[in-house]
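Some notes on the structure that comes next.
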Amino acid sequence: MDGNGRWAERRKRPRIIGHRAGARAVNVCIDFCLEQGIEALTLFAFSSENWGRPDEEVGALMKLFVNALEREVEELHRRGVRVRFIGERDRFQDAIVARMTAAETQTRANTRLTLVIAASYGGRQDIAQAARALAVDVAAGRLRPEDIDEGAVAARMALADLPEPDLFIRTGGDHRVSNFLLWQLAYTELWFTETLWPELDAATLRRALEDYARRERRFGLTGAQVTPPSNRNDA
Ligand code: IPE
Ligand code: MG
C-alpha cells in the first residue's frame, strides 16, 4: 500500500491526511476481495523499516491502526473475514498487541476471506525467524540438519498455512518489492500501478485481475507443458 504521503503532499496537506485516506482504500480493497471470492489478502501496512520514520508520523500511524481495529473488526467478523497479523508483534505497545490478539481470536473460525495485516513485517526478518525456529528444533533433537528442505523452511514462514500468493499488487509507481514476502513471492505474478494507494478503486483492481488472467504461469516449465497446444493462443 504505497503512495499515501505523496497523495497528501500533492494536496499540500500533512502526510498523515494521506494515511487517513489510505485507511479508506483498505476498505475498497477488502470489499473487492469479498465480492470476487478471493481467499486470502495480505496487506503490507507497516514495515520493520517504517519505525525509522519521524516520531510524529509513527505515532499518528499507530493511532490510525488502533482506531481501525476498534472500528472495523466487528464488521469484518460479521462479513466472515478471518483477521491475522504477521510481523514483529512485540514491538507494538501492549494495548495494541492486545487488540490484535483479540481480533484474531474473535475471527479465527471465519472462512470467507483471510485478511492478513503485515505490521512491523520484513521479508528478511521472516526468513531469519524461520531459520531460528529450525535451529531451535535441531538443538532440541526434533529435527536433523539433513532433513531441512524447502518444505521445512516454508512451514516456519509467515502464511505457511495459506495458499502461495498468486498476485502481488504495488501502488504508487515504484517497481520494487521493498522487503515484503520475499520467500512467499517466488512465483507470484507482480503487478504495478502508478495509482496512489488512497486513490485505489475497484476499476484498478479489476485491471490487475484481468492482466493476471492473461498471464501464463510456467513455474519453470515450458509453455507446452503448462498449457496443452490446443489451448494455446499462438498454436
Ligand atoms: C505507504 O504510504 C503507507 C505506509 C508505509 C504506512 P507512504 O507513506 O510510503 O507514501 P509515500 O511513498 O510517501 O507517498
Ligand atoms: Mg512509500
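Every read-out reported here was derived from the displayed coordinates using simple, explicitly stated rules and does not represent laboratory data. From a predicted model like this one, the values you see are computed outputs, not experimental measurements. Glycine also receives a Cβ, built like all others from the backbone with ideal geometry; neighbour counts cover every protein chain displayed.
Measuring from centroid to centroid over Cα atoms, what is the spacing of region 81-111 and region 161-213 in Å?
24 Å
Among L34, A155, T105, which residue has its Cα furthest toward the positive end of the charge dipole of the chain, with +1 on Lys/Arg Cβ and -1 on Asp/Glu Cβ?
Farthest towards the positive pole: L34.
Explain nothing, just the number: dipole magnitude of the chain about its Cα centre with +1 on each Lys and Arg Cβ and -1 on each Asp and Glu Cβ, in debye rounded to the nearest 20.
On the way: 34 positive and 35 negative charges, 107 e Å.
Computed about the Cα centre, the dipole is about 520 debye.
How much net charge surrounds V28 when only the other residues with a Cβ under 10 Å from the Cβ of V28 are counted, with Lys and Arg +1 and Asp and Glu -1? If you can, show how the numbers build up before the last one.
Values: positive: R24; negative: D31, E199, D201.
Here the charged neighbours net out to -2.
Roughly what would the spin-label model give for A98 and A186, points 7 Å off Cα along C-beta, in nm?
My value for the distance between the label points is 4.1 nm.
Given +1 on the Cβ of Lys and Arg, -1 on the Cβ of Asp and Glu, and no further charges, what dipole in debye does region 123-162 carry about its Cα centre, rounded to the nearest 20?
Values: 5 positive and 7 negative charges, 42 e Å.
Roughly 200 debye, rounded to the nearest 20.
Please list 3J(HN,Hα) in residue order for region 77-93, calculated via the Karplus relation 6.51 cos²θ - 1.76 cosθ + 1.60 where θ = phi - 60°; whole Hz, with x for glycine and proline.
Per residue, the Karplus-derived 3J(HN,Hα) values read 4, 4, 8, x, 8, 9, 9, 9, 10, 10, x, 7, 4, 6, 7, 8, 4 Hz.
Please give, to one decimal in nm, the separation of the simple spin-label points placed at E210 and T105, each 7 Å out from Cα toward the Cβ.
Between E210 and T105, the label points sit 4.6 nm apart.
Using the Karplus curve 6.51 cos²θ - 1.76 cosθ + 1.60 with θ = phi - 60°, work out ³J(HN,Hα) for each residue of region 41-58 in order, rounded to whole Hz, and write x for Gly and Pro.
10, 10, 9, 8, 8, 7, 8, 4, 7, 5, 4, x, 5, x, 3, 4, 5, 4
Could you tell me which of rounded, prolate or oblate describes the chain, using a ≥ b ≥ c as the square roots of the eigenvalues of the alpha-carbon gyration tensor, with rounded for a/c under 1.5 and, failing that, prolate when a/b is larger than b/c and oblate otherwise?
Values: a/c = 1.64, a/b = 1.11, b/c = 1.48.
Oblate.
Given R₀ = 41 Å, FRET efficiency for F219-R112 by Cβ-Cβ distance, to 0.05?
Values: r = 28 Å, r/R0 = 0.68.
Plugging the Cβ-Cβ distance into 1/(1 + (r/R0)^6) gives 0.90.
Decide, for region 123-162, between rounded, prolate and oblate: order the square roots of the alpha carbon gyration tensor eigenvalues as a ≥ b ≥ c, take rounded if a/c falls under 1.5, and otherwise choose prolate if a/b is larger than b/c, else oblate. Intermediate results must be reported in sequence, preceding the final value.
On the way: a/c = 2.18, a/b = 1.56, b/c = 1.40.
Note, shape of region 123-162 comes out prolate.
According to the square roots a ≥ b ≥ c of the eigenvalues of the Cα gyration tensor, what is the shape class of region 1-122, taking rounded for a/c under 1.5, prolate for a/b larger than b/c otherwise, and oblate for the remainder? If you can, show how the numbers build up before the last one.
On the way: a/c = 1.99, a/b = 1.35, b/c = 1.47.
Oblate.
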